[in-house]
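Student: Please see the structure below; I have some questions.
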Amino acid sequence: MTGTAFVIGASGQIGRQAVRALAEDGWEVTAASRGGGSDPDWPQGVRTARVDRADTGALADALGEGADVLLDCVAYDGAHAAQLVSLADRIGSAVVISSAAVYQDEKGRNFDTQEEPDGFPQYPVPLPETCATVTPGAATYGTRKAELEQALLAAGDRLPSTLLRAGAIHGRFSPLPRELYFVKRVVDGRAVKVLSYGGETRFHPVHAANIAELVRLAARMPGSRVLNAGDPVALSPARIAAAVDEVMGHTGRTVLVDGPPPTATVGESPWSVPYSMVLDMSAAERELGYRAVTSYEEALPATVEWLVDTLRGADWREAFPLVARLSDQGDWFDYPAEDAWLAGTGR
């Protein structure tokens, strides 16, 4: 069954892919975003709407008589959940993007405690949806996403909602492209890279196209549920680094460090974590019949091409402001510190 679909956040990384997947599946799609723009990869017939989701009245007007399914790519907290529930009489079902950041381990450790001594969570591998989550609230990204989830699940009788707990999202148009850590080094002519934790601990990625496939399936099978969203395989940082080198035709050297980064700005790749977080995808496979449409390695060439094109003639801090804010001390690209450490250790 298909019908009408309304996508909030259609101009973003996930929204672009989801609009295309829904339209190609036969849905009549309205792509809503603050800019109201289109995408050349979308099929003909996709409608666009200029909407700021913070304006409930404008959102209601854009919905008009309603939609059979609404995808919300930018919902963030309990207020956004309440907004969607207030429009439940116009929405058949919803699919809402959440995050794996809601999980906590059996000792109460989560992404909010990771900077504390022994604060990084040690999740079961693989990590199922039945694992405990953080206490909902307004304090952090993770607690706000948990608040969003619980509010929508509590309103499941009025608005059946599928919550997708996404891993580390990758692909073109990412505001936080973790691949930049490796790509920029090749562009800059760096012959060496340093990886902590032996380059082996894994942080589960998910390509936006795989999230879009989950959206497509959930739209056809409405329900009140939470599901993990991940690629078929969670590659290690060392394998990701090697895959980037292969795509870029680069022969580099990877120095592996046992344990944590040796200094604050050496070996701290955005894929490196003390303990692996690998999402269990069996529930999505069982409940939706999910099969990934791409793998990390299959999708990587397009991501690398986009990053190289974006970097060409541009200041990386202006091109990727979110990365710059997270790396405001030069953490990702502190080459002098790397060189000093390599020289000091003879590596």
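The values are calculated or read from the model by the stated rules, or taken from the named source; none is laboratory data. Only a predicted model underlies this, so the values are computations on that prediction, with no experimental measurement involved. Every residue, glycine among them, receives a Cβ derived from its backbone with ideal geometry; neighbour counts consider all protein chains shown. These accessible areas exclude ligands, DNA and RNA; they are computed on the full protein's heavy atoms, side chains included. Shrake-Rupley method; radii C 1.70, N 1.55, O 1.52, S 1.80 Å.
Student: In Å and on Cα atoms, what radius of gyration and Dmax does the stretch 169-271 show?
Tutor: In Å, with Rg to one decimal and Dmax whole: 16.3, 50.
Student: Equivalent ellipsoid semi-axes for the stretch 45-87, as square roots of 5 times the alpha carbon gyration tensor eigenvalues: give them largest first, rounded to whole Å.
Tutor: That gives 17, 11, 11 Å for the three semi-axes.
Student: Enter the Cα centre distance for the pair the stretch 281-324 and the stretch 103-138, rounded to the nearest angstrom.
Tutor: What the calculation gives is 25 Å, centre to centre.
Student: Evaluate Rg over Rh across the stretch 6-52, taking Cα atoms for both radii and Kirkwood's formula for Rh.
Tutor: 0.90
Student: For the stretch 269-334, how big is the tail of P(r) above 14 Å, as a whole percent of Cα pairs?
Tutor: Tail fraction, whole percent: 75.
Student: Across 5 Å bins from the origin, how do the percents of Cα pairs in the stretch 26-67 run, short distances first?
Tutor: Going out from 0 Å in 5 Å bins, the stretch 26-67 shows 6, 22, 30, 22, 13, 6 percent.
Student: Which value in deg cm²/dmol, rounded to the nearest 500, describes the helix-derived mean residue ellipticity at 222 nm for the chain, given -39,500 (n - 2.57) per DSSP H run of n ≥ 4 and division by the residue count?
Tutor: It comes out at -10000 deg cm²/dmol, rounded to the nearest 500.
Student: Report the Stokes-Einstein translational diffusion coefficient (µm² s⁻¹, integer) for the chain, Rh taken as the Kirkwood radius over Cα pairs, at 25 °C with viscosity 0.890 mPa s.
Tutor: The calculation lands on 117 µm²/s.
Student: If you count the DSSP beta bridges with both ends in the chain, what percent of them are antiparallel, to the nearest 5?
Tutor: DSSP beta bridges in the chain are roughly 5 percent antiparallel.
Student: Moving to a separate point now. In whole Å, what are the Cα extents of the stretch 206-333 along the three principal axes, biggest one first?
Tutor: Sorted largest first, the three principal extents are 46, 36, 30 Å.
Student: Right, another one. At 1.4 Å probe size, with the rest of the protein present, what percent of the exposed accessible area of the chain is carbon and sulfur atoms?
Tutor: The computed percentage sits at 48.
Student: What's the angle, to the nearest 10 degrees (0 to 90), between helix 141-154's Cα axis and the longest principal axis of the chain?
Tutor: In the chain, helix 141-154 runs at an angle near 30 degrees to the longest axis.
Student: Report the GluC sites (Glu not before Pro) located in the stretch 86-155 that are in a DSSP loop and have at most 15 other Cβ atoms inside 10 Å of their Cβ, or state none.
Tutor: Of the GluC sites (Glu not before Pro), the ones in loops of the stretch 86-155 whose Cβ has at most 15 other Cβ atoms within 10 Å are Glu106, Glu115.
Student: Could you name the lysines whose alpha carbon sits less than 30 Å from that of Lys184, not counting residues in the same chain fewer than 8 places away?
Tutor: Lys193
Student: Calculate the translational D of the stretch 6-146 in whole µm² s⁻¹ from Stokes-Einstein, where the hydrodynamic radius comes from the Kirkwood formula applied to all Cα pairs, the temperature is 37 °C and the viscosity 0.692 mPa s.
Tutor: Estimated diffusion coefficient is 198 µm²/s.
Student: Please report the accessible area of Asp315 (heavy atoms, 1.4 Å probe, ligands and nucleic acids excluded) in Å², nearest 10.
Tutor: Using a 1.4 Å probe on the heavy atoms, I get roughly 70 Å².
Student: List the GluC sites (Glu not before Pro) in the stretch 1-88 that DSSP assigns to loop (not H, G, I, E or B) and whose Cβ has at most 13 other Cβ atoms within 10 Å. Which are they?
Tutor: Taking the stretch 1-88 and a limit of 13 other Cβ atoms within 10 Å, the loop GluC sites (Glu not before Pro) found are Glu65.
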